[in-house]
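A short write-up of the structure that comes next.
The values are calculated or read from the model by the stated rules, or taken from the named source; none is laboratory data. None of the values given here were measured: they were computed from a predicted structure. All Cβ positions, even for glycine, are placed from backbone atoms using ideal geometry, and neighbour counts span all protein chains on display.
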Amino acid sequence: MKSTEPRLPNAEAFIRQHAMFPPGSRVLCAISGGTDSMCLLHFLSRREDLTVAAAHYNHQLRGAESDRDETFVREICRQWDIPLTVGRGDVRAFARREKRSLEEAARTLRYTFLFQAAETERCQVIATAHNADDNAETLLLHLLRGSGLSGLTGITPTLYQLARPFLTTSRGELEDYLAAWGLPHVEDSSNTDDSYTRNRVRHQLLPLLEELNPGFVRRLCSAIPRLREDNDLLDSLAKQLFLQAGRREEDLVIPAAAIAQAPPPVAARAVRLLLAEAAEGDWDCSAAHIGAVLSLCRGDSPSARVSLPHQLTALREYGDLVFTHSPHPEPVEEFVPREGDTPLPGTDWLVRLAVPPWPGLVIRSRQTGDEITLSNGHRRSLKKLFIDRKIPKALRDSFPVAADGDGVIFAAPFGPNLSHPRSREIQITDIRETTP
């Protein structure tokens, strides 16, 4: 390339910094037909170390204008001898069906198409034309929504197969490149519609900030890599904390103190990872959910709980923080046992009565004031015994108690009340402990 030809030095340096395109790569260029993507297609197609293909997605949101864009892209790729893959989708119908915003639905369908097209065209990299102004707009939008540090790191330069070579190149530089090369393009009429928040940021907020502080976008974009480094460090510390969690059957368990004692930014990120793991990836947690789980870890209650979306519950079980999908055990439904063996339906408990039932005898859940005398002669409340055994509060009502008018006779899992005159006549056992 001659030195007098228009170039994009910021993009060239950014590509080298992030090793975006290994020599010999086949790159799929996402092209809409607008200024930025036309610059990208032209810029990449002039590189001798790459093979370039193009992909265009018709969102069918602007009627004849959307079809015009598709026709334009087809003609440009024909003239420039660049292979083109075109996709179409009814974004509005998809948004209604999936209950998503138009912007989110369009992004989902577009990226799904791009990854499929890359596979079909055997492309190792998918290049998109996001530029420095887009990066600044994204940061400001996240800031307006009250985002934390992770939302202030802008658009990721590389992610999976995606590469964004123009993230340090301004929209003005791209317009100059387009004009210098005399490149054609089409205008998207929706980009002038200020009913969209991003367009108001682009047309009103950014120009005002540039007027107040010339070079604002350039300085903001130069700060983004530093913010990303800080965020990456916090994420790595959170990952180390997350790795202390383990599985107990289907539940996810981690020492509550590990979360409570971690620095707040690390603890919040670790909780986000735990929620995603507990929900098997189907999670978009809010700051309120994260705060509730953090309070659970830092609180004094050994049996507190927080109900979360996706039928997930976070529990304190003394020293542990537990994420579970399991429903809470039902309290024992009160009944009179028969002589002999009576299994409790749906449980592992067996009531064994040596004599016919007598008036007032009942099997039930614990009640306030229940006490038993232990083999050492000490009289203790069931509440104290449950606490001593560190049995979570959520489980205590599922333990059967035999009682009559004179009080508790036998209490699972602690044994008989030796001060009750009929303590030898009834027994409650765990079938799992008696089955060979």
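Tabulated results
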| quantity | calculated |
| --- | --- |
| Any hit, the range 120-131, residues being touching a residue at least 40 places away in the same chain (Cβ under 8 Å), in a helix (DSSP H, G or I) and either in contact with an Asp or Glu (Cβ under 8 Å, 6 or more places away or on another chain) or surrounded by 15 or more Cβ atoms within 10 Å (Cβ to Cβ) (or both) | no |
| Matching residues, the range 222-248, being closer than 14 Å to Phe323 by Cβ and surrounded by fewer than 19 Cβ atoms within 10 Å (Cβ to Cβ) | Gln244, Gly246, Arg247, Arg248 |
| Given (1) at pLDDT 95 or above; (2) farther than 24 Å from Pro165 by Cα; (3) buried (at least 22 other Cβ atoms within 10 Å of the Cβ), index of the condition Val91 fails | (1) |
| Qualifying residues in the range 249-272 (those that are surrounded by fewer than 17 Cβ atoms within 10 Å (Cβ to Cβ) and of a type in the set (A, V, I, L, M, F, W, C)) - the one nearest to Leu395 (Cα to Cα) | Ala257 |
| Odd one out for Ala54 among (1) of a type in the set (A, V, I, L, M); (2) out of contact with any strand residue (DSSP E or B) (no Cβ under 6 Å at 6 or more places or on another chain); (3) modelled with pLDDT of 95 or more | (2) |
| Selection from the range 8-33 of residues that are surrounded by 16 or more Cβ atoms within 10 Å (Cβ to Cβ), under 26 Å from Ile224 (Cα atoms) and not aliphatic (A, V, I, L, M) | Asn10, Phe14, Phe21, Cys29 |
| Enumeration of residues in the range 64-78 that are under 36 Å from the mean Cα position of the chain (by Cα) and of a type in the set (S, T, N, Q) | Ser66 |
| Breaking point among (1) among the aromatic types (Phe, Trp, Tyr); (2) assigned to a helix (DSSP H, G or I); (3) in contact with a His (Cβ under 7 Å, 6 or more places away or on another chain), for Phe166 | (2) |
| The range 359-380 - residue that is surrounded by 11 or more Cβ atoms within 10 Å (Cβ to Cβ) and farther than 24 Å from Pro337 by Cα and, of those, farthest from the chain's Cα centre (by Cα) | Arg379 |
| Tally of residues being in contact (Cβ under 8 Å) with a residue 12 or more places away in the chain, assigned to a helix (DSSP H, G or I) and more than 37 Å from the chain's Cα centre (by Cα) across the range 176-195 | 5 |
| Exclusive hit being out of contact with any Cys (no Cβ under 6 Å at 6 or more places or on another chain) and either loosely packed, with under 14 Cβ neighbours inside 10 Å or not in a helix (DSSP H, G or I) (or both), set Thr138, Thr156 | Thr156 |
| Test result for Gly182, over 22 Å from Ser222 (Cβ atoms) and not assigned by TED's automatic domain parsing to the domain that holds Ala288 | yes |
| Residue list for the range 381-402, restricted to those being surrounded by fewer than 16 Cβ atoms within 10 Å (Cβ to Cβ) and basic (Lys, Arg) | Lys383, Lys384, Arg389, Lys390 |
| Boolean, Gln244 is polar (S, T, N, Q), without any contact (Cβ under 8 Å) to a residue 40 or more places away in the chain and in contact with a helix residue (DSSP H, G or I) (Cβ under 6 Å, 6 or more places away or on another chain) | yes |
| Residues (more than 30 Å from Thr169 (Cβ to Cβ) and either at pLDDT 90 or above or touching a strand residue (DSSP E or B) at 6+ places or on another chain (Cβ under 7 Å) (or both)) located in the range 231-249 | Leu237, Ala238, Lys239, Gln240, Leu241, Phe242, Leu243, Gln244, Ala245, Gly246, Arg247 |
| Residues that are out of contact with any strand residue (DSSP E or B) (no Cβ under 7 Å at 6 or more places or on another chain) and either at pLDDT 95 or above or not assigned by TED's automatic domain parsing to the domain that holds Cys123 (or both), drawn from the range 157-166 | Arg164, Phe166 |
| Odd one out for Ala394 among (1) in contact with a Gly (Cβ under 9 Å, 6 or more places away or on another chain); (2) among the aliphatic types (A, V, I, L, M); (3) within 20 Å of Tyr318 (Cα to Cα) | (1) |
| Filter result (under 13 Å from Ala267 (Cβ atoms) and surrounded by 18 or more Cβ atoms within 10 Å (Cβ to Cβ)) within the range 293-322 | Val293, Leu294, Leu296, Cys297, Leu321 |
| Selected residue (only one of Arg198, Arg228, Arg219 is assigned to a helix (DSSP H, G or I), charged (D, E, K, R) and modelled with pLDDT under 90) | Arg198 |
| Meets criteria (over 18 Å from Ile31 (Cα atoms) and either modelled with pLDDT of 90 or more or basic (Lys, Arg) (or both)) for Arg122 | no |
| Strands (runs of 3 or more DSSP E) contained entirely in the range 269-350, each with at least 2 residues that are among the β-branched types (Val, Ile, Thr) and either modelled with pLDDT under 90 or under 30 Å from Lys383 (Cα atoms) (or both) | 320-324 |
